[in-house]
Amino acid sequence: MSTKWDNDEEIQRFREYLKIPSVHPDIDYNDCVKFLKKQARELDLPVAVYELVARKPVVVITWEGVHKQLPSILLNSHMDVVPVYEEHWTHPPFAAVISKDGLIYARGVQDMKCIGMMHLEAVRRLKNAGVRLKRTVHISFVPDEEIGGVDGMRAFAASKEFKKLNIGFELDESGPNPKPNEIYVFYGERTSRQIVVTCRGEPGHGSLLIAGGARTAGEKLHYIIDKFMTLRAQEKKKVDEGTWFGDVTTINLTQIEGGIQINVLPEKLSVSFDIRIAADIDHEEFENMISRWCKEAGDDVTFEYVVKNPQIKSTILNDKLTFWTALEKAVNDMGFTINPVICPGATDARYVRQQGIPAINFSPLVSSPLLAHAHDECLHVDVYKKGIDIMERAVQAVANVPN
Ligand code: ZN
């Protein structure tokens, strides 16, 4: 099917990238690397491929700035996409079909091949216009973000190769905004904690009501669940009253285990919670609270972490961060507003922030519902083109910050 975008090179390059099935599990990144090398060649820019972990390449295309001694700008995106249930798609997920009304259907069209290509197209436009930027710009494409980034950005951000790039500021992914004139940026993330609380008690006959102070495992479990679920209800109320859900602590009871037979008091019961701690919560206090609940529940109540991610400081958005003020001004000058929020999920930017580098998640996608990871992930051609316009100004602004 031919469309009016057949001769639009920006759209055709985007479609070419979308057609590469860099989909989990067990991704072969070779075709992505080949495609990106071709982009670098066309841009006449040097490209480096770092393979810190075998079969997990990190591709970095570099555009040197006039003042190359200044800390550089990193424009980061991930190459991988999440799996699909192909039978639920209107168009095949790796064909990048454009519908009559201009929607591009593809896995990764929102999350986040669009942003990686916007980074490249912004640089292409600036370079073709003869612009020279003050700071060096590195455009990175990393693997494995969708499975936690351990062999991707986490390894890369901690490497000596990364240090050599002398990065002063990073742009990464946020998400689309359904409003026509507002762009989301993320400046921080919550912290994942997954814990198992184990409650032990004396076994006995199911017909007994043990008198006195000794509690059964069931009574202890009841106390623990009540504490967590009460806190959950308080946080849920905040969301019901309009608080952004990235700004609250989310708690979900996910597993309960234990018991041996229905008429035997169990020796052990355990309950698991998936917790995302809000960015402004003191982690030590939070942990002390859980310890206190376990003590209050009775003897032999313990907890352990399955996941205990470190707290990573948010990027502070104020006048001191001139990259932020430059970005905000560039976006405002184009008639868009920025809504800065805490990311409800997790992105690779956390590993960059962990290195002490300010990072802002910036996806200039307006008038679009969030379809990341959904069936029929799609994005309008006009939204993508507008995104390149905004990205071009944004990159120019942050890479020209004088000091
Ligand atoms: Zn993503």
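Measure off, as a whole percent, the carbon and sulfur share of the 1.4 Å-probe accessible area of the chain, all protein chains present.
About 50 percent, which is the carbon plus sulfur part of the accessible surface.
Amide H to amide H under 5 Å from residue 267: which residues, 5+ apart in sequence or cross-chain, H placed 1.01 Å off N in plane?
The answer is 259.
Using 7 Å Cα-to-Cβ label points, what is the residue 316/residue 9 separation (nm, one decimal)?
Rounded to a tenth, the inter-label distance reads 4.5 nm.
How far is helix 217-240 tilted, in degrees, relative to the longest principal axis of the Cα atoms in the chain, given as a value from 0 to 90 rounded to the nearest 10?
Compared with the principal axis, the helix lies near 40 degrees.
Please compute the alpha carbon radius of gyration of the range 249-388, then divide it by the globular-protein estimate 2.2 N^0.38 Å. Two decimals is fine. Provide the component values of the computation, followed by the final result.
Numbers: Rg = 22.1 Å, N = 140, 2.2 N^0.38 = 14.4 Å.
Rounded to two decimals, the normalised Rg is 1.54.
I need to check one value: relative contact order of the range 286-375, counting alpha carbon pairs closer than 8 Å and at least 6 residues apart, in percent. The partial results should precede the final answer.
Values: 31 pairs, mean separation 19.7, N = 90.
Taking the mean separation of contacting Cα pairs over the length of the range 286-375, I get 22 percent.
Relative contact order for the range 124-271 using alpha-carbon pairs under 8 Å, separation at least 6, rounded to a whole percent?
Averaging sequence separation for qualifying contacts and normalising by length gives 22 percent for the range 124-271.
Give me P(r) over the range 174-281, computed from all C-alpha to C-alpha distances, binned every 10 Å, as integer percentages.
For the range 174-281, the binned pair fractions read 13, 32, 25, 16, 9, 5, 1 percent.
Given a 1.4 angstrom probe, what's the average accessible area per residue across the chain, in square angstrom? Don't jump to the answer; show the numbers that get you there.
On the way: 18950 Å² over 403 residues.
Normalised by residue count, the accessible surface of the chain is 47 Å².
Subtracting the Cα-Cα distance from 0.36 nm times the residue separation, let me have the gained length for residue 299 to residue 28 in nm, one decimal. Let's see the in-between values first.
Details: separation 271, 0.36 × 271 = 97.56 nm, distance 5.15 nm.
That works out to 92.4 nm of additional length.
Calculate how steeply helix 30-43 sits against the longest principal axis of the alpha-carbon atoms of the chain, using the helix alpha-carbon long axis, and give the answer as 0 to 90 degrees to the nearest 10.
40
Using only the Cα atoms of the chain, what do you get for the radius of gyration and for Dmax, in Å?
Looking at the chain, its Cα Rg and Dmax stand at 24.6, 85 Å.
Work out, step by step, the length gained on full extension between residue 147 and residue 49: first 0.36 nm times the residue separation, then minus their alpha carbon distance; give nm to one decimal. Working shown, then result.
Details: separation 98, 0.36 × 98 = 35.28 nm, distance 2.06 nm.
Separation in residues times 0.36 nm, less the Cα-Cα distance, equals 33.2 nm.
Please give me the summed charge of the neighbours of residue 283: other residues whose Cβ is under 12 Å from its Cβ, Lys and Arg +1, Asp and Glu -1. Numbers along the way, then the final one.
Details: positive: 190, 193, 308, 313; negative: 280, 282, 284, 285, 287.
Counting the neighbours of residue 283, the net charge comes to -1.
Hey, what do the phi angles of the range 146-155 turn into as Karplus ³J(HN,Hα) couplings, whole Hz, using 6.51/-1.76/1.60 and θ = phi - 60°, x for Gly and Pro?
Couplings: 6, 10, x, x, 4, 8, x, 5, 4, 5 Hz.
Against the longest alpha carbon principal axis of the chain, how many degrees, from 0 to 90 and to the nearest 10, is the axis of helix 9-18 turned?
The angle comes out at about 30 degrees.
Convex hull over the Cα atoms of the range 47-135, averaged projected area in nm²?
Numbers: hull surface 33.5 nm².
So the Cα hull casts an average projection of 8.4 nm².
Can you give the helix-only mean residue ellipticity at 222 nm for the chain, where every DSSP H stretch with n ≥ 4 adds -39500 (n - 2.57) and the sum goes over all residues, rounded to the nearest 500 deg cm²/dmol?
Details: 9 runs with 121 residues, N = 403.
Computed mean residue ellipticity for the chain: -9500 deg cm²/dmol.
Give me the tail of P(r) for the range 101-219 as a percent: Cα-Cα pairs with distance above 25 Å.
On the way: 3723 of 7021 pairs.
Value for the range 101-219: 53 percent of Cα pairs lie more than 25 Å apart.
If you count, for each residue, the other Cβ atoms within 10 Å and average over each peptide, how do 141-152, 364-375, 280-291 line up from highest to lowest? Mind showing how you got there, number by number?
Values: 141-152: 21.9, 364-375: 18.2, 280-291: 13.0.
Answer by packing, highest mean first, reads 141-152, 364-375, 280-291.
The values are calculated or read from the model by the stated rules, or taken from the named source; none is laboratory data. Since the structure is predicted, the reported quantities are computational estimates derived from the model, not experimental observations. Note: ideal-geometry Cβ built from the backbone for every residue, glycine included; neighbour counts use all protein chains shown. Ligands, DNA and RNA are stripped out before the accessible areas are found, and what is left, the full protein with its side chains, is counted by its heavy atoms. Shrake-Rupley method; radii C 1.70, N 1.55, O 1.52, S 1.80 Å.
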